[in-house]
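Submitted below is the structure of interest, expressed as structure tokens.
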Amino acid sequence: MAQTRTATKAHGGGHGMIGASTRVRGRITGDGDLTVDGHVEGDITVRGDLIVGEGASVTSNVDAHSVTVSGTLDGDVTARGAVRIAAGAKVRGTMQGEHVAIEEGAEFAGRLDCEFELPPELMGSTSSRKRS
Amino acid sequence: MATSSHDVTVIGRGARVRGRITGSATLDIQGLVDGEILVDGDLTVGETGMVASDLSGRRVVVRGAVKGNVTGEESVHLEDGAKVVGDVRAPRIAIAPGALVRGFVQTAGAGAARPRTTAAAKATTTATRPAAAHAASTASAAKPAVVPAARGSVPRGATLAGTNHANHTGAAPVAKKGPPPPIVPALKKGAKGALAKKR
Amino acid sequence: MASTIIGAGITIEGEITTDEDVLVQGTVRGKLNAKDGVVVEHGGVVEADVTGGPLTVSGSVTGNISSTDRVDLQPGARVVGNVKATRITIADGAQFKGNVDMDV
């Protein structure tokens, strides 16, 4: 569910909403938060948080502060904050974020790309036979 | 010293294993393992645990660091504090907030083939696996190609003619209908259909 | 409970190094270097050179054993290899083939 939205904050923008019966084909940009309960095909760029609700389907590359997906998302996500993929969500694409959480019960196929360093013990280790 | 026979194997905090670990038992790694791990039991990489190679178990829980692919026959749980550089695969996967991953992740139901919205995006994702991921710009460039495909799938829908109807028709019907759509969108249709049929 | 346990059903092929103790119920092939105690239980198979502190064997060890402390070969133990230790006991019912070096 879409309850983790951090309350309206200093993005300046308001809160956009694409209702369940609404279909958007085209690019969406905004300064505030956006909740999608309908269908979007086209890239989404918002300064605030994006919520893809249960039942929503989004075919977009997404750029937002944080992203929470409970519906279907097909596209690459770039977030400065957290990405959360809830149980029941179906997501494919590359997720980039401060951290990316996937709840058990979510369907996911794609890359996760978090910035971090492995402990030194695993750096430059002999086993670069990672991929078989 | 312990004499009771546990069928649990522990690689202690101060232990370092250089080599393969195989077998059927529950395995708890708190030390460092540099070598492939293949067990049919449950496998835990504890907070202090480090694995510098591929690992595979029935249910896998990671709280430590792994540089290698993580495969769970049943599930993989990456807990807060986990650091994984490698691919993660299992029917069920949970990644807690605070777990960090760089790699490809795939759960069940997410489709074996990984078709994407556009051919460009598709090409990029496949290419991204080993390399860095920068699909965004390419994907949006190819977006217009989507439109003609949607038309091909309209006939079955009474109401809104949207791409979403194609979800239910699948690849074959779309391909037969009307003038052959360009290859790129056709791929997209088939792909979406295949995804939808899974449910 | 030992800090490192190689359970029955587990095979490690390679080198184990630890500054703690090790309990072997499964199979170890390669090398086993512990600073603390090593116990090879009945059913445990070690095909490796072993170094460590006090060492107790009731399973099977094929390889040279070097202990900074004592080595106890218990009934049922089967050891093929040389043993270097400050003290050694070989129980009735233990099988042993190799040299003993007690560094007198």
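The values are calculated or read from the model by the stated rules, or taken from the named source; none is laboratory data. Here the structure is a predicted model, which is why all the values come from computation and not from measurement. Methodologically, a virtual Cβ is constructed for each residue, glycine included, from the backbone with ideal geometry; neighbour enumeration extends over all protein chains shown.
Taking B:Ile37 as the residue in question, decide whether it is modelled with pLDDT of 95 or more and either within 17 Å of C:Leu23 (Cβ to Cβ) or at the interface with chain C (Cβ under 9 Å from one of its Cβ atoms) (or both).
no
In region A:53-70, what residues are within 20 Å of A:Gly32 (Cβ to Cβ) and free of Cβ contacts under 8 Å to residues at least 60 places away in the same chain?
Those that are within 20 Å of A:Gly32 (Cβ to Cβ) and free of Cβ contacts under 8 Å to residues at least 60 places away in the same chain: A:Gly53, A:Ala56, A:Val58, A:Ser60, A:Asn61, A:Val62, A:Asp63, A:Ala64, A:His65, A:Val67, A:Val69.
Considering each residue of region B:34-55, count those that are more than 17 Å from B:Gly14 (Cβ to Cβ) and in a strand (DSSP E or B), and give that number.
Residues meeting the conditions: 6.
Moving on to the next point. Just to be sure I understand, how many residues within region C:79-104 are outside any loop (DSSP other than H, G, I, E, B), out of contact with any Lys or Arg (no Cβ under 9 Å at 6 or more places or on another chain) and of a type in the set (A, V, I, L, M, F, W, C)?
Final tally of qualifying residues: 2.
Please work out if B:Arg58 is within 9 Å of chain C (Cβ to nearest Cβ), of a type in the set (Lys, Arg) and either assigned to a strand (DSSP E or B) or crowded, with 19+ Cβ neighbours inside 10 Å (or both).
For B:Arg58, the condition - within 9 Å of chain C (Cβ to nearest Cβ), of a type in the set (Lys, Arg) and either assigned to a strand (DSSP E or B) or crowded, with 19+ Cβ neighbours inside 10 Å (or both) - is not met.
Quick check: anything in region B:8-26 in a strand (DSSP E or B), more than 8 Å from chain C (Cβ to nearest Cβ), of a type in the set (A, V, I, L, M) and in contact with a strand residue (DSSP E or B) (Cβ under 6 Å, 6 or more places away or on another chain)? First the steps, then the outcome.
Looking only at region B:8-26, we keep the residues that are in a strand (DSSP E or B), and these are B:8-11, B:15-23, B:26.
If we keep only those that are more than 8 Å from chain C (Cβ to nearest Cβ) as well, we get none.
No, the conditions are met nowhere in region B:8-26.
Oh, and also: Can you confirm whether region A:67-80 contains a residue that is touching a Leu at 6+ places or on another chain (Cβ under 9 Å), farther than 16 Å from B:Ala99 by Cβ and charged (D, E, K, R)?
Checked against the condition, which is being touching a Leu at 6+ places or on another chain (Cβ under 9 Å), farther than 16 Å from B:Ala99 by Cβ and charged (D, E, K, R), region A:67-80 yields at least one hit.
Inside region A:61-83, can you point out the residues that are among the hydroxyl-bearing types (Ser, Thr, Tyr) and under 8 Å from the mean Cα position of the chain (by Cα)?
A:Ser66, A:Thr68, A:Thr78
Continuing with the same structure: Give region A:26-50 a look and list any residue that's crowded, with 24+ Cβ neighbours inside 10 Å and either aromatic (Phe, Trp, Tyr) or touching a Lys or Arg at 6+ places or on another chain (Cβ under 6 Å) (or both), or say none.
Looking only at region A:26-50, we keep the residues that are crowded, with 24+ Cβ neighbours inside 10 Å, and these are A:33-34, A:36, A:40, A:44, A:48-50.
Selection gives A:Asp49 alone.
Condition test on B:Val105, is it away from chain A (no Cβ under 11 Å), within 19 Å of A:Phe116 (Cα to Cα) and either polar (S, T, N, Q) or in contact (Cβ under 8 Å) with a residue 12 or more places away in the chain (or both)?
In short, no.
Just to be sure, is C:Gly7 within 20 Å of B:Arg13 (Cα to Cα) and either surrounded by fewer than 21 Cβ atoms within 10 Å (Cβ to Cβ) or facing another protein chain (nearest Cβ under 7 Å) (or both)?
Against the criterion (within 20 Å of B:Arg13 (Cα to Cα) and either surrounded by fewer than 21 Cβ atoms within 10 Å (Cβ to Cβ) or facing another protein chain (nearest Cβ under 7 Å) (or both)), C:Gly7 qualifies.
Take the residues in region A:91-104 that are small (Gly, Ala, Ser) and either more than 7 Å from chain B (Cβ to nearest Cβ) or touching a residue at least 60 places away in the same chain (Cβ under 8 Å) (or both); name whichever of them is surrounded by the fewest Cβ atoms within 10 Å (Cβ to Cβ).
If we take residues in region A:91-104 being small (Gly, Ala, Ser) and either more than 7 Å from chain B (Cβ to nearest Cβ) or touching a residue at least 60 places away in the same chain (Cβ under 8 Å) (or both), then A:Gly97 is surrounded by the fewest Cβ atoms within 10 Å (Cβ to Cβ).
Can you find, within region B:74-95, the residue that is farthest from the chain's Cα centre (by Cα) among those that are closer than 13 Å to B:Met50 by Cα and within 8 Å of chain A (Cβ to nearest Cβ)?
Ranking the candidates gives B:Lys83 first.
Run down C:Gly14, C:Gly26, C:Gly59 and say which single residue is of a type in the set (Gly, Ala, Ser), surrounded by 24 or more Cβ atoms within 10 Å (Cβ to Cβ) and closer than 26 Å to B:Thr26 by Cα.
Checking each option against the conditions leaves just C:Gly26.
May I pose another question? Please work out if C:Thr18 is facing another protein chain (nearest Cβ under 9 Å) and either within 14 Å of B:Val10 (Cβ to Cβ) or modelled with pLDDT of 95 or more (or both).
Spelling it out, C:Thr18 is indeed facing another protein chain (nearest Cβ under 9 Å) and either within 14 Å of B:Val10 (Cβ to Cβ) or modelled with pLDDT of 95 or more (or both).
Inspect region A:9-30 for any residue being free of Cβ contacts under 8 Å to residues at least 12 places away in the same chain and farther than 24 Å from B:Ala96 by Cβ and give the result as yes or no.
yes
Separate question: For the condition in contact with a strand residue (DSSP E or B) (Cβ under 9 Å, 6 or more places away or on another chain), among the hydrophobic types (A, V, I, L, M, F, W, C), more than 9 Å from every other protein chain (Cβ to nearest Cβ) and outside any loop (DSSP other than H, G, I, E, B), what is the one hit in C:Val50, C:Val39?
C:Val50
Return only the number of the condition from (1) more than 7 Å from chain B (Cβ to nearest Cβ); (2) buried (at least 22 other Cβ atoms within 10 Å of the Cβ) that A:Gly88 does not satisfy.
So the condition that A:Gly88 fails would be (2).
Within region C:4-34, track down each residue that is in contact with a strand residue (DSSP E or B) (Cβ under 7 Å, 6 or more places away or on another chain), under 19 Å from B:Gly49 (Cβ atoms) and assigned to a loop (DSSP other than H, G, I, E, B).
Scanning region C:4-34 gives C:Gly7, C:Glu20, C:Asp21, C:Gly26.
From (1) surrounded by fewer than 24 Cβ atoms within 10 Å (Cβ to Cβ); (2) within 21 Å of A:Leu34 (Cβ to Cβ); (3) more than 7 Å from chain B (Cβ to nearest Cβ), pick out the condition that doesn't hold for A:Thr78.
In the conditions (1) surrounded by fewer than 24 Cβ atoms within 10 Å (Cβ to Cβ); (2) within 21 Å of A:Leu34 (Cβ to Cβ); (3) more than 7 Å from chain B (Cβ to nearest Cβ), A:Thr78 misses (3) alone.
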